[in-house]
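A.B. asks: Mind looking over this structure? Questions follow.
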Amino acid sequence: MASKETMFIKPAHDRMIRYPDGYGALSRQLLPTGGAYVPANARYWVRKLRLGDCVICEAPKTKSEAKPKPEPKPKAAPKVAAKKSATKSATKKEA
């Protein structure tokens, strides 16, 4: 859903960035660590990019764009053969 007017950014490693005032319900809220779309021409976000507080990244794919991963086949449990006769003979020799 990105356009030329928006960009997808996320905070740089170990950084917390707040939305500036004027973002309605998001004002003064922290930018999600997973990232968010913000206006590409907003001075606030351009300044944060220049300072290294956030980075432009590729937006995560939506569910419709993502290809489903094939489910792994369950592995068969290894067969363990119990040797009852061997354990009985070992106990008889000890006695």
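A.B. asks: Scan region 36-55 for residues that are assigned to a loop (DSSP other than H, G, I, E, B) and among the aromatic types (Phe, Trp, Tyr) and report the count. Before you say what the answer is, go through the steps one by one.
C.D. replies: Residues of region 36-55 that are assigned to a loop (DSSP other than H, G, I, E, B), as a first pass: 40-42, 52-53.
If we keep only those that are among the aromatic types (Phe, Trp, Tyr) as well, we get none.
Residues in region 36-55 being assigned to a loop (DSSP other than H, G, I, E, B) and among the aromatic types (Phe, Trp, Tyr): 0 in total.
A.B. asks: Out of the residues in region 53-74 that are loosely packed, with under 10 Cβ neighbours inside 10 Å and at pLDDT 70 or above, which is nearest to TYR19 (Cα to Cα)? Talk me through it step by step, then tell me what you get.
C.D. replies: In the first step, residues of region 53-74 are kept if they are loosely packed, with under 10 Cβ neighbours inside 10 Å; the result is 58, 61-74.
Adding the requirement that they be at pLDDT 70 or above leaves 58, 61-62.
Values: GLU58: 20, LYS61: 23, THR62: 24 Å.
Checking each candidate, the answer is GLU58.
A.B. asks: Looking only at region 5-35, count how many residues are closer than 14 Å to ALA59 by Cα and either out of contact with any strand residue (DSSP E or B) (no Cβ under 7 Å at 6 or more places or on another chain) or in a loop (DSSP other than H, G, I, E, B) (or both). Quick ask: steps written out before the conclusion?
C.D. replies: First pass over region 5-35, keeping only residues closer than 14 Å to ALA59 by Cα: 6-11, 32-35.
So of that shortlist, the ones also either out of contact with any strand residue (DSSP E or B) (no Cβ under 7 Å at 6 or more places or on another chain) or in a loop (DSSP other than H, G, I, E, B) (or both) come out as 32-35.
The number of residues fulfilling the criteria is 4.
A.B. asks: Moving to a separate point now. Can you tell me how many residues within region 1-15 are surrounded by fewer than 10 Cβ atoms within 10 Å (Cβ to Cβ) and either closer than 11 Å to ASP53 by Cβ or in contact with a helix residue (DSSP H, G or I) (Cβ under 8 Å, 6 or more places away or on another chain) (or both)?
C.D. replies: Summing the residues that are surrounded by fewer than 10 Cβ atoms within 10 Å (Cβ to Cβ) and either closer than 11 Å to ASP53 by Cβ or in contact with a helix residue (DSSP H, G or I) (Cβ under 8 Å, 6 or more places away or on another chain) (or both) in region 1-15 gives 2.
A.B. asks: Now for a different question. Out of everything in region 17-44 that is among the small types (Gly, Ala, Ser) and on the phi < 0 side of the Ramachandran plot, what residue ends up being farthest from the chain's Cα centre (by Cα)? Please lay out each step first, then the result.
C.D. replies: Step one: of region 17-44, the residues among the small types (Gly, Ala, Ser) are 22, 24-25, 27, 34-36, 40, 42.
After this cut, where a residue has to be on the phi < 0 side of the Ramachandran plot as well, the list is 25, 27, 34, 36, 40, 42.
On the way: ALA25: 25, SER27: 25, GLY34: 8, ALA36: 14, ALA40: 24, ALA42: 27 Å.
The extreme case among them is ALA42.
The values are calculated or read from the model by the stated rules, or taken from the named source; none is laboratory data. These numbers come from a predicted model, not from an experiment. With ideal geometry, Cβ positions are generated from the backbone for all residues, glycine too; neighbour counts draw on all protein chains shown.
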